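Each remark here refers to the structure printed beneath this line.
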Amino acid sequence: MGSTKDIGNRSETLACAWLQGKGYRIIARNYRQIFGEIDIIAQKGSTLTAVEVKTIPENWNTDEINHMVNPFKLAKIKRVLSAFIANQEGLFYDEISFDVISVTRSGRLMHYQGVV
């Protein structure tokens with residue numbers, strides 16, 4: 001079955017491939033700061049997107065997005081993204097999106113855009 005870390009890495013790899021297939025450019029993966037981490041930072045057009053990837057059970061109700069990323073986690077993601085932006089030269093964007101991608105262990109994926 002694999003460790004929790006292995007399962008998470010697999011889900012993130014699937015999410016990256018899916019995003020790339022939809023025209024996103026992956027800028028960073030597992031970007032860490034002392035106060036948090038962003039699973040994927042991607043860009044499509046002029047939109048910079050921070051993506052939280054969640055591995056969920058097959059029978060989990062994917063409509064319950066509020067259980068995937070709570071306000072505390074979202075605040076951490078925003079803080080980490082601010083640090084990322086401050087450290088990047090030549091990064092141009094007009095909008096920022098905070099998205100969640102849920103992935104089941106069988107590989108079914110759901111993309112929730114603009115969760116804020």
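Laboratory data are not the source of any read-out in this text; all were calculated from the coordinates shown. From a predicted model like this one, the values you see are computed outputs, not experimental measurements. Cβ: placed from backbone, ideal geometry, glycine included. Neighbour counts: every protein chain shown.
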Open item on the list: Tell me yes or no: at least one residue of region 93-101 is in contact (Cβ under 8 Å) with a residue 12 or more places away in the chain, among the aliphatic types (A, V, I, L, M) and within 18 Å of Arg10 (Cα to Cα).
Closed with: yes
- [ ] Check off (1) of a type in the set (Asp, Glu); (2) surrounded by fewer than 14 Cβ atoms within 10 Å (Cβ to Cβ); (3) touching a residue at least 40 places away in the same chain (Cβ under 8 Å) for Glu12 and give me the number that stays unchecked.
- [x] (2)
Open item on the list: Looking only at residues that are small (Gly, Ala, Ser), more than 12 Å from the chain's Cα centre (by Cα) and outside any loop (DSSP other than H, G, I, E, B) in region 78-116, which one is surrounded by the most Cβ atoms within 10 Å (Cβ to Cβ)?
Closed with: Ala83
Open item on the list: With the structure loaded, tell me whether Thr47 is in contact with a helix residue (DSSP H, G or I) (Cβ under 7 Å, 6 or more places away or on another chain), of a type in the set (Ser, Thr, Tyr) and under 18 Å from Val115 (Cα atoms) or whether it fails that test.
Closed with: no
Open item on the list: Restricting to region 87-116, name every residue that is within 14 Å of Glu52 (Cβ to Cβ) and of a type in the set (Phe, Trp, Tyr).
Closed with: Phe98, Tyr112
